[in-house]
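Please read the structure below before turning to the comments.
The values are calculated or read from the model by the stated rules, or taken from the named source; none is laboratory data. All of these numbers come straight from a predicted model, not from anything done at the bench. FYI the Cβ positions are ideal-geometry reconstructions off the backbone, even for glycines, and counts take in every protein chain you see.
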Amino acid sequence: MKCPKCNAEMISGEAYIGGGAATLMTGGFSLANLSFKAPQWREHVLQQTSDVFLAHYCDKCGAITVETPRRGLSTLES
């Protein structure tokens with residue numbers, strides 16, 4: 001896959017929310033989510049702690065793509 005930012009070839013892998021020090025202190029449970037928020041849009045959880053999705057990373061510019069299932073991202077805030 002080509003990077004949409006710099007057009008270099010991207011590295012294929014997986015995106016997930018990994019445990020860190022907070023996970024160890026909570027007995028192995030992490031409550032973190034990856035969310036997306038844009039002006040006039042509601043916050044959407046793209047990835048919960050247990051989710052693993054196909055992802056691509058650009059080693060040239062650091063861009064990342066994550067292929068998540070569609071979860072109603074066209075819904076505007078009211």
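Odds and ends about this structure:
- The stretch 37-51 residues that are free of Cβ contacts under 8 Å to residues at least 12 places away in the same chain, paired with ones that are loosely packed, with under 13 Cβ neighbours inside 10 Å and of a type in the set (S, T, N, Q) (beta carbon under 9 Å, 6 or more apart): E43/S35
- Here is the figure for the stretch 42-54: residues that are in a strand (DSSP E or B) and touching an Asp or Glu at 6+ places or on another chain (Cβ under 6 Å) total 3.
- Some residue of the stretch 44-54 being at pLDDT 75 or above and of a type in the set (S, T, Y): yes
- Of the criteria (1) within 15 Å of the chain's Cα centre (by Cα); (2) at pLDDT 75 or above; (3) not hydrophobic (A, V, I, L, M, F, W, C), which one R71 fails: (2)
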